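J.: Okay, handing you the structure first.
Every number in this text was worked out from the coordinates using simple rules, so none of it is lab data. Fair warning: this is a prediction, and the values are worked out from it, not measured in the lab. Positions of Cβ are backbone-derived with ideal geometry, glycine not excepted, and every protein chain shown enters the neighbour counts.
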Amino acid sequence: MRNEELLREAVAAFNRSDRAAIDRLLDPAFVLASPLSDMRGQPYEGHDGAHQWVDDLNSTFEVLDIVVDEVEEVRGDRVLGLGRAKVTGRNSGMDYERKLGIVMEMRDGRICKIWVIFDQDEARRSAAELD
């Protein structure tokens, strides 16, 4: 599977909260950094961490739909997805849409790192520098 397809499939799996697909797509040593991980003070790690991220998203948002509009190859093992998150707050009921960038790093056909960044320009700049 090409990296662009892997990114799109992973976003779809997270949108569906499809734990089996998430486990299949992610490396066991997976790490995710996002605004939610910043709030909790640590990244989400491994398959259990990915499941926790899904649970945290579901407890925060009644509706969450991440849409990827374009994907750029950053280097052989890394891609940048640019798109937006459409959400409805669970407690507030407020609907909003926010642009975002998703940087994914792959290893042996599986995703080993994801960074979710709510500024597309920053995501574009950071895509080549993150580690």
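J.: As an exercise, use a Förster radius of 22 Å and the Cβ-Cβ distance of Ser59 and Asp18 to find the FRET efficiency, rounded to the nearest 0.05. It would help to have the intermediate numbers written out before the result.
T.: Numbers: r = 18 Å, r/R0 = 0.80.
Efficiency, from the Cβ-Cβ distance: 0.80.
J.: When the dipole is taken about the Cα centre of the chain, and only Lys, Arg (+1) and Asp, Glu (-1) are charged at their Cβ, what size is it in debye, to the nearest 20?
T.: Numbers: 18 positive and 27 negative charges, 24 e Å.
That gives a dipole near 120 debye.
J.: Restricting to DSSP H runs of at least four residues, report the calculated mean residue ellipticity at 222 nm for the chain, -39500 (n - 2.57) per run over all residues, nearest 500 deg cm²/dmol. Please list the in-between numbers first.
T.: Numbers: 5 runs with 49 residues, N = 131.
It lands at -11000 deg cm²/dmol.
J.: Applying the Karplus parametrisation 6.51 cos²θ - 1.76 cosθ + 1.60 with θ = phi - 60° to the phi angles of region 14-28, what ³J(HN,Hα) value in whole Hz is obtained for each residue in order, glycine and proline being reported as x?
T.: 5, 4, 8, 6, 8, 4, 5, 5, 4, 4, 5, 7, 9, 5, x
J.: Compare the Cα positions of Phe118, Ile22, Leu80 along the charge dipole of region 3-126 (+1 at Cβ of Lys, Arg; -1 at Cβ of Asp, Glu; about the Cα centre) and return the one farthest towards the positive end.
T.: Sorting the options by dipole projection puts first Phe118.
J.: To continue, here is another question. Mind checking the full-extension length gain between Asp48 and Asp119? Use 0.36 nm per residue of separation minus the Cα-Cα distance, one decimal, nm.
T.: Details: separation 71, 0.36 × 71 = 25.56 nm, distance 2.70 nm.
Fully extending the segment from Asp48 to Asp119 adds 22.9 nm.
J.: If you average the alpha carbon positions of region 1-76 and of region 97-114, how far apart do those two centres end up, in angstrom?
T.: 7
J.: Quick one: which residues, 5 or more positions from Cys112 or on another chain, have an amide H under 5 Å from its amide H? H modelled 1.01 Å from N in the peptide plane, none for Pro or chain starts.
T.: Close amide H contacts, sequence-distant or interchain: Asp27, Glu105, Met106, Arg107.
J.: To continue, here is another question. Could you tell me the convex hull volume per residue, in Å³, taken over the Cα atoms of the chain?
T.: Details: hull volume 12.7 nm³, N = 131.
Per residue, the Cα convex hull of the chain comes to 97 Å³.
J.: Go through 77-89, 47-59 and give me the packing order, highest mean Cβ count within 10 Å leading.
T.: Working: 77-89: 18.0, 47-59: 16.2.
In decreasing order of mean packing, 77-89, 47-59 become 77-89, 47-59.
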